[in-house]
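The values are calculated or read from the model by the stated rules, or taken from the named source; none is laboratory data. All values derive from a computational prediction rather than experimental measurement. Cβ coordinates were reconstructed from backbone atoms using ideal geometry, including for glycine residues, and neighbour counts include every protein chain displayed.
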Amino acid sequence: MLLYLLLSCYLQFHQVPVLCYHNIGTAGEDALHISKQHFYEQLQYFYDNGYVTITPDELYAHMNRGAPLPSKAMMITFDDSHAEHYTIAVPVLNKFHFKGVFFIMTVCLNKPGWLTTDEVKDMASQGHIIACHTWDHPNLALHPTYSIDQQLIKPKKYLEKITGAAIRYFAYPYGAWSEQVVKDLKQVGFIAAFQLDSHQQSADTNFTIRRILVAGKWTGSQLKEVMNKAFNLPITTIPSQNGNY
Ligand SMILES: [Zn+2]
C-alpha cells in the first residue's frame, strides 16, 4: 500500500519532459524559431548530461502500464512539417543518438519549404516517429464542426501509407483540445495526443500530454531549469487553454 501511494504520488508530480520545436535555422529566436547553432547546443547539452529520448510508445507504456523508463527520459517533438526538420534536425538528432517525434500536417507535404513524402518515409525508416497534426492545422476546439474525415482519418491513413506503420499519436494544432476532439481522436484510433503548455489533465492524461515550447535563446541549462519546473507540477483539472501555436 505504501509503495502504491509513493508510486502514485511520484507519477502525479513527475511527468516526462516533452519539448516542442517549430522553425529551425530561419530568422529570429523565440518560442517558434531557433537558430541551427542553438538547436545543436541544446541537444548537445542533453546528450552531455545523460538524457535519453523515448518514443510515444514507451511513454504510453509507462503512463498506462507502469513500464520503467530511464531516469533522464525526455521526448523531443517537432510540429508543422517544416523542411528543415529533415535537413537540420534529423542529422543533429542522429549525431546524439536521439529519436525525434514529428507531427505532420499533411496539406504541406511536397510543397516548397516543407517536408516531402520521401523525407517523411526516410525519417520513419531511421527510427524517428511520425505522428499526425491534422490536414491543414485548424483550431479543432474552436471549430467543432470540422470534418473528422478530412482532418483526422485521411491524414492518418496518408501517413500510414507513406511510412507503412500505424499512426497512433496526435498533436493538437495550437495545443487546443476539447472533450469532443478527444472523443473523435479515440474513435478514429489514436491512443494518445499532445497539447502544449496547459497542465496535464487527471481526467484523461493520455489525451492531454503536456509539452513546452522551447525558446530559441535558451542555453541548455536554462532549458533544463524550465523543464524541471514545468514537468514536476501536480496534475490538475484546470480547463483547457488554447495556445497560439
Ligand atoms: Zn502546429
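Cβ-Cβ contacts under 9 Å between residues 6 or more apart (or on different chains), taken from a first residue in region 135-152 that is without any contact (Cβ under 8 Å) to a residue 60 or more places away in the chain and within 17 Å of Glu179 (Cβ to Cβ) to a second residue that is acidic (Asp, Glu) and within 13 Å of the ligand (Cβ to nearest atom), are listed as Gln151/Asp136. In the set Phe46, Phe98, Phe102, only one residue is touching a Ser or Thr at 6+ places or on another chain (Cβ under 9 Å), more than 16 Å from the ligand (Cβ to nearest atom) and either at pLDDT 95 or above or more than 29 Å from Ala176 (Cβ to Cβ) (or both); that residue is Phe98. The condition (being under 18 Å from Asp184 (Cα atoms) and at pLDDT 95 or above) is satisfied by just one residue among Cys108, Cys132: Cys132.
Let's see how each residue does on (1) assigned to a strand (DSSP E or B); (2) over 20 Å from the mean Cα position of the chain (by Cα):
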| position | (1), (2) |
| --- | --- |
| Tyr47 | no, no |
| Gly50 | no, yes |
| Leu59 | no, no |
| His62 | no, no |
| Ser71 | no, no |
| Met74 | yes, no |
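Would region 161-175 turn up any residue that is within 16 Å of the ligand (Cβ to nearest atom), in contact with a Cys (Cβ under 9 Å, 6 or more places away or on another chain) and at pLDDT below 90? No, the conditions are met nowhere in region 161-175. Going through (1) more than 17 Å from Phe103 (Cβ to Cβ); (2) modelled with pLDDT under 95 one by one, Asn23 falls short only on (1). Residues in region 197-245 that are modelled with pLDDT of 90 or more and in a loop (DSSP other than H, G, I, E, B): Thr208, Arg210, Arg211.
Counting the residues of region 151-168 that are over 15 Å from Gly189 (Cα atoms) and surrounded by fewer than 15 Cβ atoms within 10 Å (Cβ to Cβ) gives 2.
Restricting to region 128-146, count the residues that are out of contact with any helix residue (DSSP H, G or I) (no Cβ under 9 Å at 6 or more places or on another chain) and away from the ligand (no atom under 16 Å from the Cβ). Outline the logic, then answer.
Quick first cut of region 128-146, residues out of contact with any helix residue (DSSP H, G or I) (no Cβ under 9 Å at 6 or more places or on another chain) only: 143, 145.
Pick out the ones that are also away from the ligand (no atom under 16 Å from the Cβ) and you get 145.
Counting residues in region 128-146 that are out of contact with any helix residue (DSSP H, G or I) (no Cβ under 9 Å at 6 or more places or on another chain) and away from the ligand (no atom under 16 Å from the Cβ) gives 1.
Would you check which residues across region 76-95 are away from the ligand (no atom under 16 Å from the Cβ) and out of contact with any Ser or Thr (no Cβ under 9 Å at 6 or more places or on another chain) and list them? Before the answer, list the steps.
So in region 76-95, the residues away from the ligand (no atom under 16 Å from the Cβ) come out as 86-88, 90-95.
The answer is Thr87, Ile88, Val90, Pro91, Val92, Asn94, Lys95.
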